[in-house]
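**Q** First the structure, which I've put down as structure tokens, then a few questions once you've had a look.
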Amino acid sequence: MSTAALTYRSDYASGKKPMPTPTGPEVVNVLTSLTLTSAQVDALAANDIVVMGYLPEDCAFVDAICAMTAGIDTGSGLDLDFGVVNDGESDLTTELQNSILVDGQTSLARVTMTETMLTLATTGSARKKLGYKVATAATTPAAGTIYLSLSYRASNYGA
């Protein structure tokens, strides 16, 4: 396990905005975003973490779309992996998709569903933080925004 030197958090991850909680069989979708200056993108190094939000208590993962501003790295080196972030926000406990965003190649991608994602859920008071781990740092950083469109439902519906 590697240790992140730097962690960025969206407003949903930092608690400035609450993650909605489903009250019935509906699927909730939340678009989280984090706008970074070119200096902040430049500061990102391999193994750093960007926490975008969390799967609320007693909820099950449905889907996710990951995106970033095309050209956030004009050198096309920035590579982000998507997954479940550990409690210390220093690594991914579960990598859900490797290299989901690679500037210059993929700036928008829907996760490829796996059994792990189909069974990803929280229980009781436990939340699961979701975000990105920097696999490769930017080579020519520019300002931009990183997004996560997260869909989830109450665990006791649709199981």
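**Q** Quick check: at a probe of 1.4 Å, how many percent of the accessible area of the chain sits on carbon and sulfur atoms?
**A** In the chain, the share of accessible area belonging to carbon and sulfur is 49 percent.
**Q** Counting only helical runs of four or more DSSP H residues, what would the 222 nm mean residue ellipticity of the chain come to if each run contributes -39,500 (n - 2.57) and the total is spread over all its residues?
**A** The per-residue figure over the chain is -1500 deg cm²/dmol.
**Q** Shifting gears a bit: Go through 119-128, 6-15 and give me the packing order, highest mean Cβ count within 10 Å leading.
**A** Per-residue mean Cβ counts within 10 Å order the peptides as 6-15, 119-128.
**Q** What number comes out for accessible area per residue over the chain if the probe is 1.4 Å? Units Å², please.
**A** Per residue, the chain has 46 Å² of solvent-accessible surface.
**Q** With the dipole of the chain worked out from charges on the C-beta (+1 for Lys and Arg, -1 for Asp and Glu) around the Cα centre, which of 150, 107, 118 lies farthest toward the positive end?
**A** My answer, from the dipole projection, is 150.
**Q** Of the peptides 88-99, 136-147, how do they stack up when ordered by the mean number of other Cβ atoms within 10 Å, highest first?
**A** Packing order, densest peptide first, comes out as 136-147, 88-99.
**Q** Can you work out the Karplus-derived ³J(HN,Hα) for every residue in region 61-78? Use 6.51 cos²θ - 1.76 cosθ + 1.60 with θ = phi - 60°, whole Hz, and x for glycine or proline.
**A** 5, 10, 6, 8, 10, 10, 8, 8, 4, 5, x, 5, 9, 5, x, 6, x, 4
**Q** Counting only the backbone N, which residues of region 99-129 are under 18 Å from the spot 7 Å out from the Cα of residue 86 toward its beta-carbon?
**A** What the label zone holds, given the 18 Å backbone N cut-off, is 127-129.
**Q** If R₀ is 30 angstrom, what is the calculated FRET efficiency for the pair residue 7 and residue 156, using the beta carbon separation as r and rounding to 0.05?
**A** 0.40
**Q** So for region 15-113, Kirkwood radius off the Cα pairs, Stokes-Einstein at 20 °C and 1.002 mPa s: how many µm² s⁻¹?
**A** Result for D is 143 µm²/s.
**Q** Another question about this same structure. Quick check: pseudo-label points 7 Å beyond the Cα along Cα→Cβ at residue 111 and residue 65, how many nm apart are they?
**A** Each label point lies 7 Å from its Cα, and together they span 1.5 nm.
**Q** Using 7 Å Cα-to-Cβ label points, what is the residue 139/residue 57 separation (nm, one decimal)?
**A** Each label point lies 7 Å from its Cα, and together they span 4.7 nm.
**Q** Could you work out the relative contact order of the chain? I mean the mean sequence separation of Cα pairs under 8 Å and 6+ apart, divided by the number of residues, in percent.
**A** Relative contact order, the chain: 39 percent.
The values are calculated or read from the model by the stated rules, or taken from the named source; none is laboratory data. This is a predicted model, so every value here is computed, not measured. Neighbour counts run over all protein chains shown; Cβ positions are idealised from the backbone, glycine included. Surface areas here come from the heavy atoms of the whole protein model, side chains and all, with no ligands, DNA or RNA. Shrake-Rupley method; radii C 1.70, N 1.55, O 1.52, S 1.80 Å.
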